[in-house]
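Below is one structure, written out as structure tokens; the observations come after it.
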Amino acid sequence: MSQYQLRVYTLCSPEALVAYESIWSKHIPGLAKHWITTHGVWTVPAAPGSEAPQLYALVSYSDADDVQERLEAYLSSPEFRADMEGFDISQIIDVTESALTPTADSPLR
């Protein structure tokens, strides 16, 4: 069974969301080189006058992997640095990671 993780990035503006969405399309091949599978990436626009926009990414790791070790290897890789080139990281105002456990009947088991 795989280990699933939902990653939620909160951005400072709608423009930052658009920019980070294009960066995430670059992340997918780089993550795959580090044995991290991307299952989907979604955007949530900011509600008028309330929340900042968000980007959600569902990724998985092999059951035997140390998730933090695998992620840190990617974050320190040349692929990640190239993906992020020209993007002001301060536009990401929050990142949350949630480990997800599939139910017995989940198709992503």
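What follows draws every value from the coordinates through simple rules; no lab data is involved. As the structure is a computational prediction, the values presented were derived from the model and not from experiment. Cβ atoms come from the backbone with ideal geometry, glycine included; neighbour counts cover every protein chain shown.
So which strands (runs of 3 or more DSSP E) are wholly in the range 8-101 and hold at least 3 residues that are of a type in the set (A, V, I, L, M) and loosely packed, with under 15 Cβ neighbours inside 10 Å?
Values: elements: 37-44, 54-61, 92-100.
Counting at least 3 such residues, we get 92-100.
The single condition among (1) over 13 Å from Arg7 (Cα atoms); (2) in contact with a helix residue (DSSP H, G or I) (Cβ under 7 Å, 6 or more places away or on another chain) that Ala47 does not meet is (2).
When Ser98, Ser106, Ser62, Ser90 are checked against the criterion of being farther than 23 Å from Leu17 by Cα and in contact (Cβ under 8 Å) with a residue 60 or more places away in the chain, a single residue qualifies: Ser62. Within the range 38-51, being closer than 28 Å to Arg70 by Cβ and small (Gly, Ala, Ser) holds for one residue alone: Gly40.
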